[in-house]
Amino acid sequence: MHALALVALLFSAPARAADDDAQFVEAFLKIDVPRLPAEQIGRFVAIEPATLPEKLREPFKARRLELRALRDLASGKKKGPWRMPQSDCEIPHDSDAGELAVLKRAGYVEVEEEEMRWVGDKTKCSERDMLCEFTLKELDFKTKDKKTRRRYFLYCRASCDPLMVLIGAHRSKVDDSQTHFFGMAGPTCNH
């Protein structure tokens, strides 16, 4: 599809036919995230994956999850490093986040359980706080011995979740090697 045709398709009046949605999604996926037309993101996110051809579903879900993560990161920047999570916050349940391939394709990085405990201690954020205030996604799966194990993921592609930045420093062993006089030690949850 030529670039001019892509632009015409993206800026055309909203169509409801499944074929039109499939063409729209295909065109949308070919554009890098920073170049996406902001006025068309709402239309893209509103499409139901089940209405798309099988080959487009996973890339569509990944892009939609990535757009939501970027929205959450932008919202978090406005809040600053001091977070005041509500005990009754609504945990976002993205159905897309339940699929390992979609999470990885969207730009989520797996974090070990020990690292999640460490970042919880460092930030004073509970797991619920991290689910509400940051891009944390959890995925439960069955092990070979039929036990349920939880895996943790944080977004880190175009921009990294502040918790992932802390974990990256921890992995590199630079987390406590600098003074915090001129900068914050990272986000902190206040209750």
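The values are calculated or read from the model by the stated rules, or taken from the named source; none is laboratory data. Keep in mind that what you see is a predicted model, and the values were worked out from it rather than measured. Backbone-built Cβ (ideal geometry, glycine too); neighbour counts: all protein chains shown.
When every residue of region 12-20 is checked against the conditions, none turns out to be at pLDDT 90 or above, on the phi < 0 side of the Ramachandran plot, surrounded by fewer than 15 Cβ atoms within 10 Å (Cβ to Cβ) and not aliphatic (A, V, I, L, M). Of the candidates Ala97, Ala69, Ala74, Ala62, the single residue that is of a type in the set (A, V, I, L, M) and free of Cβ contacts under 8 Å to residues at least 12 places away in the same chain is Ala74. Residues in region 60-112 that are more than 9 Å from the chain's Cα centre (by Cα) and hydroxyl-bearing (Ser, Thr, Tyr): Ser75, Ser87, Ser95. Inspection of region 57-80 identifies no residue that is in contact with a Leu (Cβ under 7 Å, 6 or more places away or on another chain), modelled with pLDDT of 90 or more and surrounded by fewer than 17 Cβ atoms within 10 Å (Cβ to Cβ).
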